[in-house]
Amino acid sequence: KQWYQRRVVITAGAPKKWMLDKLGGKFAPRPSPGPHKLRESMPLIVLLRNKLKYALTYQETKKVTMSRAIKVDGKVRTDMCFPTGFMDVISIDKTGEYFRMLFDVKGRFLIHRIKKEEASYKLCRVKAVKVVAKGIPTITTHDGRTIRYPDPLIKANDTVKFDIASGKAVDFIKFEPGNLAYITGGQNCGRIGIITHKEKHPGSFDIVHIKDSVGHSFATRMSNVFPIGKGKQAWISLPRGKGVRLSIAEERDRRLAAKAKEM
């Protein structure tokens with residue numbers, strides 16, 4: 001048994017949501033330990049080299065990150081294997097570009113371009129509410145943060161609006177029917193819709209029912225649901241398609257219509 005930590009993963013075994021080229025080499029970079037889980041994150045090198053095309057090689061990516069040009073959630077990250085995950089804000093001040101990590105409707109990582117104003121905050125899902133030493137109330141979020149003295153109305157599964165500059169939660173969204181939510185796991189990963197109702201299953205997984213903007217209904221585990229807005233108004237800019245998954249026939253019709261327009 002190998003006692004050291006592998007610095008690479010086999011490309012064939014890398015998460016499908018990275019969308020790596022099958023012929024791009026046997027090995028792929030392994031995310032460093034950080035705020036997101038190994039299978040739920042994407043290392044900076046994949047983002048910069050494979051997606052944004054800011055570098056062609058491993059060494060070029062290393063020079064970009066070591067030049068302190070890349071910020072994740074407002075902090076300079078020089079580790080090119082630093083894990084970026086859902087809702088993270090990537091800032092490149094030299095080019096004036098800002099991106100938010102989201103999922104497309106097929107569950108793959110989507111690097112969504114945003115404006116500078118929107119890059120000043122991110123949404124964090126509350127994983128737990130607890131009281132730590134000296135009676136200080138805290139909440140822990142999906143990206144490994146601990147926020148002290150939160151609003152007493154914030155409970156587990158709610159979402160807080162986190163101001164990156166001050167490091168404080170400035171607002172929150174309750175996990176309740178009628179609010180807009182993003183699905184972050186399971187077969188429906190990447191879909192967006194309104195929470196209709198919740199089902200409690202003691203001893204098993206609680207189920208949440210969602211309806212998207214075109215009327216399609218689906219269900220998923222409560223742990224996969226990430227509230228992103230009050231009512232139908234999202235607090236972040238949404239990717240193209242607004243999180244609506246099309247059937248295979250609908251996708252085909254859209255492709256044919258686009259091709260007909262070109263001709």
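Quick notes on this structure:
- Check on ALA55, touching a helix residue (DSSP H, G or I) at 6+ places or on another chain (Cβ under 6 Å) and among the small types (Gly, Ala, Ser): yes
- Residue match in segment 214-222 (condition: touching a residue at least 60 places away in the same chain (Cβ under 8 Å) and either surrounded by fewer than 14 Cβ atoms within 10 Å (Cβ to Cβ) or not aromatic (Phe, Trp, Tyr) (or both)): yes
- The one condition in (1) in contact (Cβ under 8 Å) with a residue 12 or more places away in the chain; (2) loosely packed, with under 15 Cβ neighbours inside 10 Å; (3) more than 17 Å from TRP18 (Cα to Cα) that LYS106 fails to fulfil: (3)
- Residue match in segment 121-141 (condition: in contact with a strand residue (DSSP E or B) (Cβ under 9 Å, 6 or more places away or on another chain) and not in a strand (DSSP E or B)): no
- Selected residue (only one of LYS115, LYS168, LYS127, LYS155 is in contact with a His (Cβ under 8 Å, 6 or more places away or on another chain) and of a type outside the set (Phe, Trp, Tyr)): LYS127
- Answer from LYS37, LYS51 - the residue that is open to solvent by 50 Å² or more (accessible area, probe 1.4 Å) and under 14 Å from PHE99 (Cα atoms): LYS51
- Here the strands (runs of 3 or more DSSP E) wholly within segment 1-83 that include at least 2 residues being of a type in the set (A, V, I, L, M) and free of Cβ contacts under 8 Å to residues at least 40 places away in the same chain are 8-10, 70-72.
- When LYS130, LYS122, LYS161, LYS168 are checked against the criterion of being of a type outside the set (Asp, Glu) and either in contact with a Gly (Cβ under 9 Å, 6 or more places away or on another chain) or more than 29 Å from ILE90 (Cβ to Cβ) (or both), LYS130 stands alone in meeting it.
- One residue stands out among those in segment 86-101 that are part of a loop (DSSP other than H, G, I, E, B) and in contact (Cβ under 8 Å) with a residue 12 or more places away in the chain: the one that is farthest from the chain's Cα centre (by Cα), which is LYS94.
- Set side by side, the residues ILE173, ILE164, ILE192, ILE154 differ, and just one is surrounded by 15 or more Cβ atoms within 10 Å (Cβ to Cβ) and either closer than 15 Å to VAL105 by Cβ or aromatic (Phe, Trp, Tyr) (or both), which is ILE192.
- Count of residues meeting criterion [surrounded by 18 or more Cβ atoms within 10 Å (Cβ to Cβ) and either more than 16 Å from THR84 (Cα to Cα) or out of contact with any helix residue (DSSP H, G or I) (no Cβ under 9 Å at 6 or more places or on another chain) (or both)] in segment 58-68: 1
- Filtered by the rule that a residue be farther than 23 Å from ILE228 by Cα and either among the polar types (S, T, N, Q) or open to solvent by 50 Å² or more (accessible area, probe 1.4 Å) (or both), segment 77-94 gives ARG77, THR78, ASP79, ASP93, LYS94.
- Cβ-Cβ under 8 Å pairs, at least 6 apart or on other chains, segment 246-263 side at negative phi, far side open to solvent by 100 Å² or more (accessible area, probe 1.4 Å): LEU246/ARG254
- Here GLY24 meets each of (1) more than 23 Å from the chain's Cα centre (by Cα); (2) at pLDDT below 90; (3) open to solvent by 80 Å² or more (accessible area, probe 1.4 Å) with one exception, condition (3).
The values are calculated or read from the model by the stated rules, or taken from the named source; none is laboratory data. It should be emphasised that the depicted structure is a prediction, and the values quoted were computed from it without experimental measurement. Every residue, glycine as well, gets a Cβ built from its backbone with ideal geometry; the counts of neighbours run over all protein chains shown. The area values use the complete protein model at the heavy-atom level, side chains included, leaving out ligands, DNA and RNA. Shrake-Rupley method; radii C 1.70, N 1.55, O 1.52, S 1.80 Å.
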